[in-house]
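Structure, as structure tokens:
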Amino acid sequence: MPPVLRLGIVGLGLASTFMIPQLARDPRLKLAAAADVRREALDVFAREFDAPTFTSVEALCASGAVDAVYVCTPAYLHAEHVITAAEHGKHVICEKPLALTVAEAEPMVAAAERNGVVLVCGHTHSFDAPIRKLARLVRGGAYGPLMMVQTWNYTDLLYRPRAPWELDTRRGGGVVYIQAPHQVEIVRAIGGGRVRSVRAMTGRWDAARPTEGCYTAYLEFEDGTPATLVYSGYGHFDSAELHYWVGERGQMRDPATHAETRRAYQARAGGAADEAASREAIRFGGARDRREALAADAAAGRHQPFFGLTLVSCQRADLRQSPDGLYVYGDDGQQELDLAGEPSEQEALIAEFYAAVVEGERPWHDGRWGLATLEVCTAILQSARERREILLAHQTATPF
């Protein structure tokens with residue numbers, strides 16, 4: 001029998017709520033422990049998984065209860081928690097972004113390498129089956145050389161219930177830290193990984209949400225290929241309208257839902273306290289734990305995940321996502337590549353991590369890949385602040 005990895009969850013918030021159902025179903029893993037500061041969430045975890053719980057990451061990593069940890073804590077805690085896990089000899093999955101600065105991320109990568117443990121950064125939408133397929137088609141030259149990549153996403157992110165740190169850029173808040181890693185990894189996967197430079201502008205359009213709510217970025221890869229990234233989280237237009245109303249997780253979206261999120265924010269009477277209560281309710285163990293909503297989406301039928309419109313131009317074809325795969329607009333007309341049955345983004349993350357830990361395979365999304373993605377994100381902020389092009393120095397190649 002192949003070995004089963006004992007996995008500890010560090011942080012029972014929204015990110016772990018999204019991942020726990022798939023982690024629990026995978027026979028290669030055992031949810032073996034959890035750490036959080038919320039006693040009620042720990043009690044739910046202990047009851048559901050018959051596993052020990054801890055109120056500190058240090059105690060979980062020192063306990064011997066786990067072989068690996070999944071760091072799902074707020075972004076400003078990632079460096080501390082990844083290094084703690086690595087120093088205790090634990091393999092690590094770290095949610096995006098890897099850290100807040102390149103200087104903060106470098107010791108994380110060094111700690112993993114020094115202690116001989118695997119560090120995988122995820123999940124991001126570069127794990128999505130259509131993006132994986134796009135990257136392999138483009139890197140394999142199926143339609144001639146890559147000429148350019150464009151990706152656009154318009155969401156209601158800024159008006160969903162947010163924690164205070166998610167509205168503070170200095171602690172990892174705002175769309176550049178929360179959402180840009182998805183877009184950056186999508187274009188890096190397709191473009192070969194090595195971004196030469198970034199020129200960008202960001203926007204803060206709502207004083208009540210005092211962080212970046214949008215950005216436009218121009219990336220140039222080392223071979224000269226251009227890519228543009230556009231994101232807005234201000235809750236007006238919804239990119240799902242461009243894609244048959246398929247949403248980020250592959251679920252069918254109600255066109256009214258997007259506008260309702262913004263109206264719900266505007267109607268809150270309790271201010272920060274009301275928002276905190278709303279957010280608490282949808283976290284792991286909360287009154288409206290999102291695992292039930294995710295299960296309902298899966299039961300209703302699932303398409304491929306859609307994180308905005310990505311259009312890839314090669315010399316002999318343009319490519320973009322379809323609900324169940326990819327559309328290819330080539331010299332001989334349009335065709336669709338059906339990706340039904342391909343592993344989900346969560347399954348792909350687990351498979352990559354397991355293969356790295358158990359089988360010794362080099363992970364695509366390792367610590368250095370995550371550091372390179374973070375470098376692009378911080379360059380977006382720096383370029384917008386200084387209104388100039390930022391040259392990069394820590395980029396890594398797509399490993400195929």
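The values are calculated or read from the model by the stated rules, or taken from the named source; none is laboratory data. This is a predicted model, so every value here is computed, not measured. Cβ coordinates were reconstructed from backbone atoms using ideal geometry, including for glycine residues, and neighbour counts include every protein chain displayed.
Things worth noting here:
- Among the residues listed as D366, D332, D324, the single one being surrounded by fewer than 18 Cβ atoms within 10 Å (Cβ to Cβ) and out of contact with any Lys or Arg (no Cβ under 7 Å at 6 or more places or on another chain): D332
- Among the conditions (1) without any contact (Cβ under 8 Å) to a residue 60 or more places away in the chain; (2) in contact with a helix residue (DSSP H, G or I) (Cβ under 8 Å, 6 or more places away or on another chain), the only one that T398 does not satisfy is (1).
- Checklist (1) at pLDDT below 90; (2) of a type in the set (K, R); (3) in contact with a strand residue (DSSP E or B) (Cβ under 9 Å, 6 or more places away or on another chain) applied to R268, failing item: (3)
- Identity of the residue in region 337-364, assigned to a loop (DSSP other than H, G, I, E, B) and of a type in the set (G, A, S), that ends up modelled with the highest pLDDT: G360
- Take the conditions (1) of a type outside the set (V, I, T); (2) part of a loop (DSSP other than H, G, I, E, B); (3) farther than 25 Å from A68 by Cβ; L311 misses just one of them, which is (2).
- Any chance E248 is among the acidic types (D, E), within 17 Å of L311 (Cα to Cα) and not in a helix (DSSP H, G or I): yes
- Among the residues making up region 368-390, a single one is farther than 21 Å from Q179 by Cβ, touching a residue at least 24 places away in the same chain (Cβ under 8 Å) and assigned to a helix (DSSP H, G or I): R368.
- Among residues of region 188-236 being surrounded by fewer than 17 Cβ atoms within 10 Å (Cβ to Cβ) and among the aromatic types (F, W, Y), the one that is nearest to the chain's Cα centre (by Cα) is Y218.
- The listed residue being under 22 Å from the mean Cα position of the chain (by Cα) and charged (D, E, K, R), out of D43, D36: D36
- Residue check, G250 surrounded by 19 or more Cβ atoms within 10 Å (Cβ to Cβ) and on the phi > 0 side of the Ramachandran plot: yes
- Summed over region 91-121, the residues that are of a type in the set (S, T, N, Q) and either under 13 Å from the mean Cα position of the chain (by Cα) or under 22 Å from L5 (Cα atoms) (or both) give a count of 1.
- When P363 is tested against (1) within 16 Å of Q22 (Cβ to Cβ); (2) of a type outside the set (S, T, N, Q); (3) in contact with a Leu (Cβ under 9 Å, 6 or more places away or on another chain), exactly one condition is not met: (1).
- Residues satisfying the stated conditions in region 66-87, i.e. over 23 Å from the mean Cα position of the chain (by Cα) and either in a helix (DSSP H, G or I) or more than 25 Å from L98 (Cβ to Cβ) (or both): E87
- Boolean, A393 is in a loop (DSSP other than H, G, I, E, B), more than 21 Å from the chain's Cα centre (by Cα), small (G, A, S) and at pLDDT 95 or above: yes
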